Structure formats: structure tokens, C-alpha cells
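Asks: The structure that follows is given in the form of C-alpha cells.
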Amino acid sequence: MKTQFSISTMPFYWHTKNSISDTSNVPALLPFELDYNPTFRLITQKYNKIVLQWLDAIYQKLPNIGNIQENSHMSESYKNDFIKFISKYVPIIPGRSNALEIGCGGCLILKDLKKIGFDVLGIDPSPYAMKCGKKMGIEVIQDFFPSPRIHKRFDLIFHSDVIEHMAEPLKFLKETRQQLNDDGVLIIAVPDSSESLKNGDISIFLHQHINYFDPESLKYIIQAAGFGSILIEKAEFGGSLYCRAIKKKSPVLYRYEAPDSQWSKYRDFHNKIDKLMRTLKYEIDHVLSDKNKSLGFYAPIRTLPYLGAWGLWKGFRFFDDSDYLHNKYIDGVNVPIENFEDLTHNPVTDMFIMSPSFGDVIQSHINDEIGKKVHVRKLTDYYQL
């Protein structure tokens, strides 16, 4: 079975802009197509040379989306939860332990690890990371990993929201292993795609994400890279998977399980995509066809794959709680992003909350502050219907 799911034109989300007229030389829309690695039971984005070339270009630009940044309540919560996991599983010897963060972004995790005794280093291709590192007194190498500018090994190497971006994740993990001391620890955080894959939810799709991990596929690929003592947990905050793995002196022999030669995991996901999209589109079309109703989507980034698949580019409003996104536009969608205060002052009649992780919280907030003026549905309400 080789039936592929594809979206001919999906917004290429890498930044926001202040007005519709703002332009850049980066395409606003690019195709997206699914693929599958049966060895690791890993659902992936299909290799597309043009998409990968543009990804390489945007990772070196300023600003870059997805960094854990200062003065953000959400970023602080993500950071604290990840550091809690690191501290739980990594022994720290002040003055003798060193750490490398790959894709260090705003350097906030490195800043906290430095405070508790780590000698820290960051590597990131974006000038944003260099700027943040300089401000905090943290050395940052502006480059992709691996880099010839790194001349030592580490007790801890960690990265958050990095490996899902890798076109060759196994190669990347093996290179990471080589940079660790014996008995060194690898800590990884990746978006947890488990529930979306189980229910046919395409809101997880993003051009920047090549790999869509669940605990099974993450374990298989970490094992294949030669790591041992693998432990995987779900994050306490947000929708991430955390993994701890240890480099033994000799690579741990990985015995490949039988590949999913029938693509059964992919087929199940593909079939559920069709069902969920039909059900959701029926509901949305019902709202759009009624001149007395108005349509809103909460969490616009999660909405983009559906809009691309449906070719729906107008007739709705966007809402998000991020201060960074407020009153800005996403390339390819000429709809400003409003916040909760905007919603209270000018409510829509029908709201679809597209965030699986925070849907319940957002729904409760709307119900408490606005009440029954807004008919709220969560994307997760349509799971397994």
C-alpha cells in the first residue's frame, strides 16, 4: 500500500509579518506530502528537495519561529518542565560537568543549567541564538550540528524540538553519540504525535517537521543509534515526549524488529485522516453557509494544514494567546491573529479550538468569560467519531 496523503499548497510557516503587504523572498505556500519509514514505524514528511532547501535557508534567518524566548509565560512553563526532567536524570558535578545544547534558540535552558553548575555551550544556525547567548554570557556557535568548531566531548547533550526537523535523524543521533563522553547522557524533547496519529489529526503537520514521533518510533530510532538505558516519558506540560538515553563505551547492539512491510501503521493513520477531515469540514461548511454565523479558529498554526487541504483561505478569524502573534499575519493567509481580549469584545458565534494539548483550558476560559454566546467545539471532540 503506497497511497500517499498530500496537500498541494500549505502555508510555509516560518515567521509572522506585521501587515499583508510585508514580503520576503521565501515562498508563502509549498506542497506537503506524507511518507513512512517502516523500519522505525515512523511517519514522516516525504523528501522534497525544494522544501528542504527553503528549510535550510530559514533556519539561518532572524527571527526564527519556535525558540523558547524570554518574557513568555508559555516558554517559561515549557522550559521549567524540561529542566525538571533533565535534573531528574542527569548527575551534576559542579565545575566538572559540561553540557551542549543543539538548537539552543533563546539560550534560556543553558542559562539555568549554568546557574546550577554546568559548563555550557550552545550551537544553532540562527543569529537569534548568537544574540541571546552574547546577552547572557553564554558561548554559542552559529552553525549546524555537527560542527568542526566543537573540539570536545560532553557529559550531557540535549535538544528540544530539534530531531523532528532532521531529514536524516539516525545519522544525526549517531553523530550526537560520538560527541558524548562514555556514560554521557542524551536528553531529547520532541512533539508527541501519538494522539494525532491515533486519530487521523493533521494539525501536527508543519513543513519544518520531517518526523512525527510517538514513543514506539522514538525508542526504535534511539536504539538504532547505539544508545542504551532508554527511558521515555510524556511531558507534564504541553504535548512533548521526553527521552533519556546513555552512551555506553561500545554501541548497544540493536536487533531490528521486523519492519512494518505492510505499512499498517501508515494505512490506519491515512484512513482516519479522511474520516476526520470529512466530519470536521461538514461542521465548518454548516457555519459558513449561515449568514447569521461567524467562524473562528483558536490556535492558527494548528489550523494551517486543514486550510491548505480544503483550500479555505477566507471567511474566518484567527485567535491565539501568544503576545508574539497578536495582530500579525502568517504568510499565505490574509487574516490577522487576534487575542482573547479581541474575542471578548467582538465574539464569533462558532469557535473551533485546534489545539489538542490546550483545548480544554481554552474552552473553559471562553465558557467562563463569554458564556454561551460562543458555540465552542474542540478538534479532539471529533477524534474517534
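The values are calculated or read from the model by the stated rules, or taken from the named source; none is laboratory data. Being a predicted model, the structure only gives us computed values, none of them experimental. In this analysis, Cβ positions are derived from the backbone assuming ideal geometry, glycine residues included, and neighbour counts consider all displayed protein chains. Protein only, heavy atoms only, side chains kept; ligands, DNA and RNA dropped before computing areas. Shrake-Rupley method; radii C 1.70, N 1.55, O 1.52, S 1.80 Å.
Asks: Can you pull a Stokes-Einstein diffusion coefficient for the range 228-330 at 10 °C (1.306 mPa s), Rh from Kirkwood over Cα pairs, as a whole number of µm²/s?
Replies: Working: Rh = 18.4 Å.
Estimated diffusion coefficient is 86 µm²/s.
Asks: Among 119, 290, 155, which one shows the highest mean-square fluctuation when the chain is modelled as a Gaussian network with alpha-carbon springs under 10 Å?
Replies: Per the Cα network of the chain with a 10 Å cutoff, 290 tops the list.
Asks: Does the range 124-274 come out rounded, prolate or oblate by the C-alpha gyration tensor, with a ≥ b ≥ c the root eigenvalues, rounded set by a/c under 1.5 and, if not, prolate when a/b is larger than b/c and oblate if not?
Replies: Values: a/c = 2.15, a/b = 1.37, b/c = 1.56.
Verdict is oblate for the range 124-274.
Asks: Multiplying the sequence separation of residue 143 and residue 61 by 0.36 nm and subtracting their Cα-Cα distance, what value in nm do you get? Present the calculation step by step, with values, prior to reporting the outcome.
Replies: Details: separation 82, 0.36 × 82 = 29.52 nm, distance 1.20 nm.
Fully extending the segment from residue 143 to residue 61 adds 28.3 nm.
Asks: Roughly speaking, to the nearest percent, how much of the range 263-305's 1.4 Å accessible area is carbon and sulfur?
Replies: 47
Asks: Give me the dipole magnitude in Debye, nearest 20, for the chain about the Cα centre, with unit charges on the beta carbon: positive for Lys and Arg, negative for Asp and Glu.
Replies: Result for the chain is approximately 860 debye, rounded to the nearest 20.
Asks: In the neighborhood of residue 337, defined by Cβ-to-Cβ distances under 12 Å, what is the net charge if each Lys or Arg adds +1 and each Asp or Glu adds -1?
Replies: Result for the neighbourhood of residue 337: -2.
Asks: Here is a further query. Select from 186, 251, 261 the residue farthest towards the positive end of the dipole of the chain; place +1 on Cβ of Lys and Arg, -1 on Cβ of Asp and Glu, and compute about the Cα centre.
Replies: 251
Asks: Of the listed peptides 175-181, 122-128, 194-200, what is their order by residue-averaged count of other C-beta atoms within 10 Å, with the highest listed first?
Replies: Put in order of decreasing packing, that is 122-128, 194-200, 175-181.
Asks: Please state the shape class of the range 120-194: rounded when a/c is under 1.5, otherwise prolate if a/b exceeds b/c and oblate if not, all from the C-alpha gyration tensor.
Replies: In terms of gyration-tensor shape, oblate.
Asks: Accessible surface of residue 310 in the full protein assembly, 1.4 angstrom probe, to the nearest 10 Å²?
Replies: Solvent-accessible area, nearest 10 Å²: 50 Å².
Asks: Roughly how many percent of the accessible protein surface of the range 162-212 is carbon and sulfur, given a 1.4 Å probe and a whole-percent answer? Please list the in-between numbers first.
Replies: Details: 690 of 1470 Å².
Carbon and sulfur: 47 percent of the exposed surface of the range 162-212.
Asks: Can you list the aspartates and glutamates whose alpha carbon is less than 12 Å from that of residue 111, not counting same-chain residues fewer than 8 positions off?
Replies: Hits, sequence-local ones excluded: 70, 101, 119, 139.
Asks: Can you classify the chain as rounded, prolate or oblate using the Cα gyration tensor, where a ≥ b ≥ c are the square roots of its eigenvalues, rounded means a/c under 1.5, and otherwise it's prolate if a/b beats b/c and oblate if not?
Replies: It is prolate, given that a/c is not under 1.5 and a/b is the larger ratio.
Asks: Compute the accessible area per residue over the chain, keeping the other protein chains in place, probe 1.4 Å, unit Å². Before the final figure, lay out each step's value.
Replies: Details: 17640 Å² over 385 residues.
Normalised by residue count, the accessible surface of the chain is 46 Å².
Asks: For residue 365, what accessible surface area do you get with a 1.4 Å probe? Give it in Å², rounded to 10.
Replies: 80
Asks: Now for a different question. Rounded to the nearest 500 deg cm²/dmol, what is the calculated helix-only ellipticity per residue at 222 nm for the chain, with -39500 (n - 2.57) per DSSP H run of length n ≥ 4?
Replies: Value at 222 nm, helices only: -10000 deg cm²/dmol.
Asks: If you don't mind, there's one more thing I want to ask. Listed here are the pairs 152/247; 61/114; 152/249; 88/134; 275/328; 135/234; which of them are more than 22 Å apart at the Cα?
Replies: 61/114; 88/134; 275/328; 135/234
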